[in-house]
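Enquirer: Have a look at this one before I ask anything.
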Amino acid sequence: MSGLLPAALLAVLLDRLLGEPARWHPLVGFGRLAHYLERRLNQQPSISKGTLAWLLAVMPLTLMTYWLATLPWFGWAFSVLCLYLCLGGQSLVAHAKPIADALLSADLPLARERVGRIVSRDTGQLDEEGVARATVESVLENGSDAIFAALFWFLLLGAPGVVLYRLSNTLDAMWGYRTPRFLLFGRAAAKIDDALNYLPARLVALSYSLCGNAISGWHSWRTQAPSWDSPNAGPVMAAGAGALELQLGGAAVYHGKLEERPALGCGVPPKAQDISRALQLVQRSLLLWMLILVLLWALTYV
């Protein structure tokens, strides 16, 4: 554990300084592999074939990571690299800030186009409030997935843990839809991702509450999250909405179908400026985690 703490701190620093690699990101190659497996195995959708595809996509790479991480000298540096590549803190900023900039410039078509790159809902008819709401929700949820859950599994199981988590999360993003094509095939990917995110999501909900309006965040989490379909997005977004004193949730269009989602949070509907506030909440929560890691690292030498 003691070696994982400085590795985690260094990886977070690298993500902060360098951001996501612009070219040759391993997850891009993994996405192509996942797409190939889905085309080959999803001709007649079934849960068993989806489970087999998940195993073929995730387990060989996780086992290879386990072996490489145990090598003397190289293993520690390789573990730092794995976590750095699995983190998406600066990527989150790089995707969300341009949406806020477009809204602040009154360029609604550009804002719709940009938010459409990070959410699965239909964005063509969103007004300013709808774009801001979609972006804030994405920042809160993806902050949990792309930063805190990755850190959690790295600290628990090292490089194999974070690779297992990140690949599973990627497959859920690709296959975990309730559409005729993926309802059965993506079932395993969705359920595994739910299981892997269960504990991290609740730690994130607590972190968001502590780093914003704690009373409102806690109340929203405990009273509103159970009504949300996703067992993990509900606590994260409810706590984040309450901490920011914003109203999230509500109606949204997915794949041409209107879905009435429960209301989350309290206060006022989000505006362009609230996208930056959501990013700041994620950053404050990450700082809280880093301070705890530094304290734990220091205690190992006492």
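Enquirer: For A272, work out the one condition from (1) more than 19 Å from A214 (Cα to Cα); (2) touching a strand residue (DSSP E or B) at 6+ places or on another chain (Cβ under 8 Å); (3) of a type in the set (A, V, I, L, M, F, W, C) it doesn't fulfil.
Expert: The number of the failed condition is (2).
Enquirer: Just name the residue that is surrounded by the most Cβ atoms within 10 Å (Cβ to Cβ) out of those in segment 205-222 that are of a type outside the set (A, V, I, L, M, F, W, C) and either part of a strand (DSSP E or B) or under 17 Å from the mean Cα position of the chain (by Cα) (or both).
Expert: Going through the qualifying residues, I end up with Y208.
Enquirer: Please count how many residues of segment 154-177 are among the small types (G, A, S), at negative phi and either part of a helix (DSSP H, G or I) or in contact (Cβ under 8 Å) with a residue 40 or more places away in the chain (or both).
Expert: 4
Enquirer: With respect to the numbered conditions (1) of a type in the set (D, E); (2) within 24 Å of A149 (Cα to Cα); (3) surrounded by fewer than 17 Cβ atoms within 10 Å (Cβ to Cβ), which one is the sole condition not fulfilled by D193?
Expert: Evaluating D193 over (1) of a type in the set (D, E); (2) within 24 Å of A149 (Cα to Cα); (3) surrounded by fewer than 17 Cβ atoms within 10 Å (Cβ to Cβ) leaves (3) as the failure.
Enquirer: I'm trying to understand the selection: among the residues of segment 223-272, which are β-branched (V, I, T) and either in a loop (DSSP other than H, G, I, E, B) or surrounded by 15 or more Cβ atoms within 10 Å (Cβ to Cβ) (or both)?
Expert: Correct list: V236, V253.
Enquirer: Search segment 178-190 for residues being buried (at least 18 other Cβ atoms within 10 Å of the Cβ) and in contact (Cβ under 8 Å) with a residue 24 or more places away in the chain, and hand back the single one that is farthest from G234 (Cα to Cα).
Expert: F185
Enquirer: Right, something else. For segment 278-302, what are the residues that are surrounded by 18 or more Cβ atoms within 10 Å (Cβ to Cβ) and either free of Cβ contacts under 8 Å to residues at least 24 places away in the same chain or not hydrophobic (A, V, I, L, M, F, W, C) (or both)?
Expert: S285
Every read-out reported here was derived from the displayed coordinates using simple, explicitly stated rules and does not represent laboratory data. For clarity, every value in this text was computed on a predicted model and none was experimentally measured. Glycine also receives a Cβ, built like all others from the backbone with ideal geometry; neighbour counts cover every protein chain displayed.
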